[in-house]
Amino acid sequence: MTQTLSRHEQTLLEKTSKRFTQCYDRRPSLAAIAPGRVNLIGDHTDYTDGLCLPFAIDRYVVLVAAPVDEPRITLCSSSSRDRQHIDLTERPLPTVGNWSDYIRGVIEGLAALDVPPTGLQIMIDSDLPSGAGLSSSAALEVGAAHLLLAATGKHLPTADIVSLAQQAEHRYAGVPCGTMDQFSVANGVHGALMMLDNRSLTADLVTPADEDLAFLVIDSGVKHDLSDGGYGARRADCEAAQVALGKSLRDVSVADLERAELGDVPRRRALHVVTENARVKDMVVALEHGDRELMAELMYAGHASLRDDFQNSVSEVDLLVALASDLHDEGVIGARMTGGGFGGAVIVPAIEAEVEHVAGVLTNRYAQATGINARTLVVHPSAGARSISEALNS
Ligand code: ADP
Ligand code: MG
């Protein structure tokens, strides 16, 4: 298959290959690339069969490798000083409490599907911020799966890669995530968002009619580890609501919630999910019609629902959304938090020609209020993860 890489992807690949050679004193022969993802709307809906609207972004984890004749994988990453070693004779692979666990989980997942691992030296580089809610962990998992598959010459359906990467995150990183992250990283399409139905695990592509649309992502600089309980607690609340209602939140209406005998907390969590599923459908319409007013309304309503009913926002993130809404006349279309919550990033659809100006004003005002220098990224819907080994030799 011919590999076409954007100039940016090609530059990253060359940089990662150079690092590989510096590290291992040889040239790589295998490569894979995996984008991060951001979710425009539809948060905390994925594990109750709901809808979300993510897209893969043009920020990536790149992995390059060369085979070795011993049952061992050596890992270097530009974001870590320490080399990691995985002894492939040890089965099942233990977790060791660092970033190599993501790769260990992927190796186990592949082995369970009859793709036994082979010895490799691997170098990982990235321009995707890690821990900012942009799914660098899913990019690492899905990218590693493509790299390890390329090393064996085997193929797996994308759905299997998504599933094994998700299992790696559950079992090896202790994060009980839904399918959205790995799905969007694996299935991204240039220029399109994906309305993902987490019940059927199928996605409809959504191409914005508005060609002047850019997406600004602002990292609040506040991080809470998603394995520390907040995510799991919200998930448990949703599951409790489903048990009490006797059906999936996907099939629940606001009227059902009003009638049901539910405690205040599960009712609020469920109300967020039920209204969020509706907002995703409405956002598809807004995007396909280029209806900026409707987009704005849905973005702010989505944020308020997370803040007040799902209660997974933090004050810095709320402030960023409020500061963005003040710039409505300067190019901001809307704003909401995105990702698992408890810190992380805000997504701001904005008019392309104004987006750099908006980013500058927002970060200045945020820094004045909080003392935090927020990192901003302007992102575009991008293609999903794939092997790019052929591009190494072109
Ligand atoms: P997010 O997925 O939102 O970026 P997570 O906390 O889920 O945040 O995942 C971040 C973790 O993924 C990092 O702490 C690190 O362990 C791992 N990781 C991501 N990118 C890389 C990389 N390029 N090299 C090594 N580890 C990485
Ligand atoms: Mg993650």
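The values are calculated or read from the model by the stated rules, or taken from the named source; none is laboratory data. What you see is a predicted model, and the numbers here were worked out from it, not measured in a lab. So basically every Cβ, Gly included, is an ideal-geometry build from the backbone, and we count neighbours across all protein chains shown. With ligands, DNA and RNA removed, areas are computed over all heavy atoms of the protein, side chains included. Shrake-Rupley method; radii C 1.70, N 1.55, O 1.52, S 1.80 Å.
I'd like to check something: does segment 42-51 contain any residue that is modelled with pLDDT of 95 or more, more than 14 Å from the chain's Cα centre (by Cα), within 19 Å of residue 392 (Cβ to Cβ) and open to solvent by less than 10 Å² (accessible area, probe 1.4 Å)?
So far as segment 42-51 goes, no, none of its residues is modelled with pLDDT of 95 or more, more than 14 Å from the chain's Cα centre (by Cα), within 19 Å of residue 392 (Cβ to Cβ) and open to solvent by less than 10 Å² (accessible area, probe 1.4 Å).
Please find, among 192, 244, the residue that is free of Cβ contacts under 8 Å to residues at least 24 places away in the same chain, touching a Leu at 6+ places or on another chain (Cβ under 6 Å) and more than 24 Å from residue 343 (Cα to Cα).
Selected residue: 244, the only one of 192, 244 that is free of Cβ contacts under 8 Å to residues at least 24 places away in the same chain, touching a Leu at 6+ places or on another chain (Cβ under 6 Å) and more than 24 Å from residue 343 (Cα to Cα).
Failed condition for residue 91, given (1) more than 8 Å from ligand 1 (Cβ to nearest atom); (2) at pLDDT 95 or above; (3) not hydrophobic (A, V, I, L, M, F, W, C), with all others met?
All conditions are met except number (2).
Restricting to segment 353-374, and then to whatever is in contact (Cβ under 8 Å) with a residue 40 or more places away in the chain and surrounded by fewer than 16 Cβ atoms within 10 Å (Cβ to Cβ), can you tell me which residue is farthest from the chain's Cα centre (by Cα)?
Selected residue: 369.
Report every pair of residues separated by at least 6 positions or lying on different chains whose Cβ atoms are under 7 Å apart, first residue within segment 64-89 and closer than 25 Å to residue 391 by Cα and open to solvent by 90 Å² or more (accessible area, probe 1.4 Å), second at pLDDT 95 or above and outside any strand (DSSP E or B).
69/119
Condition first: near ligand 1 (Cβ under 7 Å from one of its atoms), touching a helix residue (DSSP H, G or I) at 6+ places or on another chain (Cβ under 8 Å) and part of a helix (DSSP H, G or I). Now tell me which residues in segment 95-138 satisfy that.
Across segment 95-138, the qualifying residues are 102, 137, 138.
Please enumerate the residues belonging to segment 129-147 that are open to solvent by less than 10 Å² (accessible area, probe 1.4 Å) and modelled with pLDDT of 95 or more.
Listed by number, the residues that qualify are 138, 139, 141, 142, 143, 144, 145, 147.
Can you tell me how many residues in segment 162-178 are away from ligand 2 (no atom under 13 Å from the Cβ) and open to solvent by less than 40 Å² (accessible area, probe 1.4 Å)?
2
Working only within segment 196-248, note down all residues that are within 25 Å of residue 310 (Cα to Cα), part of a loop (DSSP other than H, G, I, E, B) and not hydrophobic (A, V, I, L, M, F, W, C).
Listed by number, the residues that qualify are 198, 199, 200, 220, 221, 223, 224, 225, 229, 246, 247, 248.
Restricting the search to segment 150-161, which residues are open to solvent by 10 Å² or more (accessible area, probe 1.4 Å) and part of a helix (DSSP H, G or I)?
150, 151, 152, 158, 159, 160
Mind listing whichever residues of segment 215-273 are hydroxyl-bearing (Ser, Thr, Tyr), over 19 Å from the mean Cα position of the chain (by Cα) and either farther than 13 Å from residue 48 by Cα or within 16 Å of ligand 1 (Cβ to nearest atom) (or both)?
253
Yes or no: residue 186 away from ligand 2 (no atom under 13 Å from the Cβ) and buried (at least 18 other Cβ atoms within 10 Å of the Cβ)?
Against the criterion (away from ligand 2 (no atom under 13 Å from the Cβ) and buried (at least 18 other Cβ atoms within 10 Å of the Cβ)), residue 186 qualifies.
Go through (1) over 30 Å from residue 262 (Cα atoms); (2) open to solvent by less than 50 Å² (accessible area, probe 1.4 Å); (3) of a type outside the set (S, T, N, Q); (4) away from ligand 2 (no atom under 16 Å from the Cβ) one by one and return the number of the condition residue 197 breaks.
Evaluating residue 197 over (1) over 30 Å from residue 262 (Cα atoms); (2) open to solvent by less than 50 Å² (accessible area, probe 1.4 Å); (3) of a type outside the set (S, T, N, Q); (4) away from ligand 2 (no atom under 16 Å from the Cβ) leaves (1) as the failure.
Tell me, please, whether a residue that is among the charged types (D, E, K, R), under 15 Å from residue 366 (Cβ atoms) and surrounded by fewer than 24 Cβ atoms within 10 Å (Cβ to Cβ) can be found in segment 287-305.
no
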